[in-house]
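Colleague: Structure provided below as structure tokens; questions to follow.
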């Protein structure tokens, strides 16, 4: 069996869980689709570009199945794109053998093994396309795809926000949180499996526990996780700004294992755009929140994402966003051109901008952020800090990350001439930068973690 994992960190957790289930069912894994009996493609359906990528991979696998002298006999498609498009995906790409929606993830073994009595000539597609259910699937027993020393820990599924540009609620359903005892059990399993860093994820982590009536909320969960033996770093991602409470900021500030890092996707700063997006927050409230985070969490590094080219965005409104980013000086920032999603309120709005205008604004905002990022990196010269070694040396340089660098989305700290064990921590001194990445050298032979 071969497995293709596409999409975000939440999708990656689904892939790891399905791989664990398939391994328990006796399936063996290969990285070569041509030498596999079955290929599973876990898809993303969030944006048009991701859907195009997923559809391209599916077509490639179906074409491979149809070749002579290939072992491949079954193509199973799972995940968000299946949940979003369902039957239309089967018609769009004839030759898919099974479809598994996100709410039927645990049917993947049945989908892979198939029905031995079914003749291939019928071209029937097995369908596992159940409706939304409010119970979060357990993520214990994963076969992890990340390096052993870090893992993603999903604390909730779905989202109850009504952002006008977003398809997540339609695909994943409203917010449903894992009970705290389940989250803690999964965290302990990941730590026992070698994870030094746990990265907390969900579509909306700051609303954690609201659907359960869990009064301590995210702050209470953070403090409980902070007490786990064997944990090195705990990192919080995807915090919705209108729900980022003082209690959460205090937990991040106080708990020794929680890294002083805040991921706060803002999407815009102009009040009219924010209202049209239904973000539930104003510019003034956003600025107050960001200043509070910097005041209450000394040394905090703040990451955000912005959407440019939202329907009706004027040059003046974009200039306001550009000035805001230049003035606040985020430690890390991602910029996305608005993606028209037909089934969303924003997709039906007037004033859709051309791809050329959107791309031009992406470039202008990223250039402004690049200057900030380079200046912040230059300011780290001769500073000492602890890093987590992220992998083996390649071409004489070993990748690592400090507490302000999240895996896969942020820059790195590069260690020239080092051969340290991945998953260990070491004190280093910054000796320069290479584009966005820092260059550093160990100042001690003592390893931690």
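Colleague: Restricting the search to region 192-220, which residues are over 20 Å from the mean Cα position of the chain (by Cα) and under 26 Å from residue 401 (Cβ atoms)?
Modeller: 192, 193, 194, 219
Colleague: Scan region 148-189 for residues that are without any contact (Cβ under 8 Å) to a residue 40 or more places away in the chain and either in a helix (DSSP H, G or I) or on the phi > 0 side of the Ramachandran plot (or both) and jot them down.
Modeller: Passing the criteria: 169, 181.
Colleague: Scanning for something in a helix (DSSP H, G or I), modelled with pLDDT of 90 or more and under 25 Å from residue 187 (Cβ atoms), does region 23-39 turn up at least one residue?
Modeller: Yes: one or more hits.
Colleague: Of (1) surrounded by 21 or more Cβ atoms within 10 Å (Cβ to Cβ); (2) assigned to a helix (DSSP H, G or I), residue 291 satisfies all except one. Which?
Modeller: Tallying (1) surrounded by 21 or more Cβ atoms within 10 Å (Cβ to Cβ); (2) assigned to a helix (DSSP H, G or I), residue 291 fails exactly one: (1).
Colleague: Let me ask another. Go through (1) in a helix (DSSP H, G or I); (2) in contact (Cβ under 8 Å) with a residue 40 or more places away in the chain one by one and return the number of the condition residue 247 breaks.
Modeller: Exception for residue 247: condition (2).
Colleague: Here is a follow-up. Answer with yes or no whether residue 136 is in contact with a strand residue (DSSP E or B) (Cβ under 6 Å, 6 or more places away or on another chain), at pLDDT 85 or above and either closer than 21 Å to residue 11 by Cβ or outside any loop (DSSP other than H, G, I, E, B) (or both).
Modeller: no
Colleague: May I pose another question? Looking at 415, 381 in this structure, which one is in a loop (DSSP other than H, G, I, E, B) and out of contact with any helix residue (DSSP H, G or I) (no Cβ under 6 Å at 6 or more places or on another chain)?
Modeller: 381
Colleague: Take the residues in region 203-237 that are part of a loop (DSSP other than H, G, I, E, B) and under 14 Å from residue 262 (Cα atoms); name whichever of them is modelled with the highest pLDDT.
Modeller: 237
Colleague: Looking at this structure, is residue 351 exposed (fewer than 13 other Cβ atoms within 10 Å of the Cβ) and either in contact with a helix residue (DSSP H, G or I) (Cβ under 6 Å, 6 or more places away or on another chain) or not in a helix (DSSP H, G or I) (or both)?
Modeller: Spelling it out, residue 351 is indeed exposed (fewer than 13 other Cβ atoms within 10 Å of the Cβ) and either in contact with a helix residue (DSSP H, G or I) (Cβ under 6 Å, 6 or more places away or on another chain) or not in a helix (DSSP H, G or I) (or both).
Colleague: Take the residues of region 250-275 that are part of a helix (DSSP H, G or I) and buried (at least 20 other Cβ atoms within 10 Å of the Cβ): which is farthest from the chain's Cα centre (by Cα)?
Modeller: Residue satisfying both the conditions and the ranking: 273.
Colleague: Just the residues that are surrounded by fewer than 18 Cβ atoms within 10 Å (Cβ to Cβ) and either in a loop (DSSP other than H, G, I, E, B) or at pLDDT below 95 (or both), please, taken from region 319-333.
Modeller: Listed by number, the list holds a single entry, 329.
Colleague: So in region 276-288, with the set limited to residues that are in contact with a helix residue (DSSP H, G or I) (Cβ under 7 Å, 6 or more places away or on another chain) and assigned to a helix (DSSP H, G or I), which one is farthest from residue 352 (Cα to Cα)?
Modeller: Only one residue fits best here, namely 286.
Colleague: Turning to a different aspect of this structure: Answer yes or no as to whether residue 298 is surrounded by 17 or more Cβ atoms within 10 Å (Cβ to Cβ) and either assigned to a helix (DSSP H, G or I) or out of contact with any helix residue (DSSP H, G or I) (no Cβ under 6 Å at 6 or more places or on another chain) (or both).
Modeller: Here the answer is no, as residue 298 does not meet what is asked.
Colleague: Please give the number of the condition residue 342 fails out of (1) surrounded by 12 or more Cβ atoms within 10 Å (Cβ to Cβ); (2) within 21 Å of residue 51 (Cα to Cα).
Modeller: The one condition residue 342 does not meet is (1).
Colleague: While we're on this one: In region 72-107, what count of residues is obtained for those that are over 23 Å from the mean Cα position of the chain (by Cα), assigned to a helix (DSSP H, G or I) and over 9 Å from residue 128 (Cα atoms)?
Modeller: Number satisfying all stated conditions: 6.
Colleague: Another question, then. Of all the residues that make up region 394-415, how many are crowded, with 17+ Cβ neighbours inside 10 Å and either modelled with pLDDT under 95 or within 21 Å of the chain's Cα centre (by Cα) (or both)? I'd like the intermediate steps shown before the answer.
Modeller: Step one: list which residues in region 394-415 are crowded, with 17+ Cβ neighbours inside 10 Å, which gives 398-407, 410-415.
Narrowing further to those that are either modelled with pLDDT under 95 or within 21 Å of the chain's Cα centre (by Cα) (or both): 399-407, 410-413.
Total satisfying the criteria: 13.
Colleague: Which number in (1) in contact with a helix residue (DSSP H, G or I) (Cβ under 6 Å, 6 or more places away or on another chain); (2) modelled with pLDDT of 95 or more marks the one condition that residue 244 misses?
Modeller: Looking at each condition in turn, residue 244 falls short on (2).
Colleague: Which one of the conditions (1) crowded, with 18+ Cβ neighbours inside 10 Å; (2) outside any loop (DSSP other than H, G, I, E, B) does residue 52 fail to meet, given that it meets all the rest?
Modeller: Result: residue 52 passes all but (1).
Colleague: While we're looking at this one, here's another question. Would you mention how many residues in region 3-18 are free of Cβ contacts under 8 Å to residues at least 40 places away in the same chain and surrounded by fewer than 20 Cβ atoms within 10 Å (Cβ to Cβ)?
Modeller: 1
The values are calculated or read from the model by the stated rules, or taken from the named source; none is laboratory data. Everything numeric here is computed off the predicted structure, so don't read it as measured data. For neighbour counting, all protein chains shown are included, and Cβ atoms are generated from backbone atoms with ideal geometry for every residue, glycine included.
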